Amino acid sequence: MKHLLFDLIDCPPDLLDDEDFVRLSAWNAAKESKSELINISCHKFKPQGVTALAMLAESHLSIHTWPEKGVAKCDIFTCGDKCDPHKAVEYLGKAFKANKIETDAFDRLL
């Protein structure tokens, strides 16, 4: 089981505040990681910010945005050998046009 916590830093605020974009990015990131997507829930905050949670058969992926800071704080937790959560991080970094990505990776045991 792998759990990656990552920050997408110095992203364009308009992307971080676009609920449809954040939802689609979570969907695409799940697919990129070869995870089985079950459902996505998304919420747009006022005056700004979006949270997206993707339920995966292998666990979950989350994206929390702060447009005013240019940052998205994310995680992906996967179990099994077929998933590659690092692919989700790569995809989201490109999609959100992050100038920097900080990642912490953890191996989780049962």
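At 10 °C and a viscosity of 1.306 mPa s, what translational diffusion coefficient does Stokes-Einstein give for the stretch 1-53, taking Rh as the Kirkwood radius over Cα pairs? Give it in µm²/s as a whole number.
130 µm²/s
Quick check: convex hull over the Cα atoms of the chain, volume per residue in Å³, rounded to an integer?
Taking the convex hull of the Cα positions in the chain, it is 80 Å³ per residue.
Please determine, in degrees from 0 to 90 and to the nearest 10, the orientation of helix 19-32 with respect to the longest principal axis defined by the Cα atoms of the chain, where the helix direction is its Cα long axis.
That helix lies at roughly 20 degrees to the long axis.
As I understand it, the value is the acute angle between the Cα axis of helix 85-95 and the longest principal axis of the Cα atoms of the chain; what does it come to in degrees, rounded to 10?
20 degrees
Each value in this text was obtained by applying a stated rule to the coordinates, not by laboratory testing. The structure displayed is predicted, hence computed values, not measured ones.
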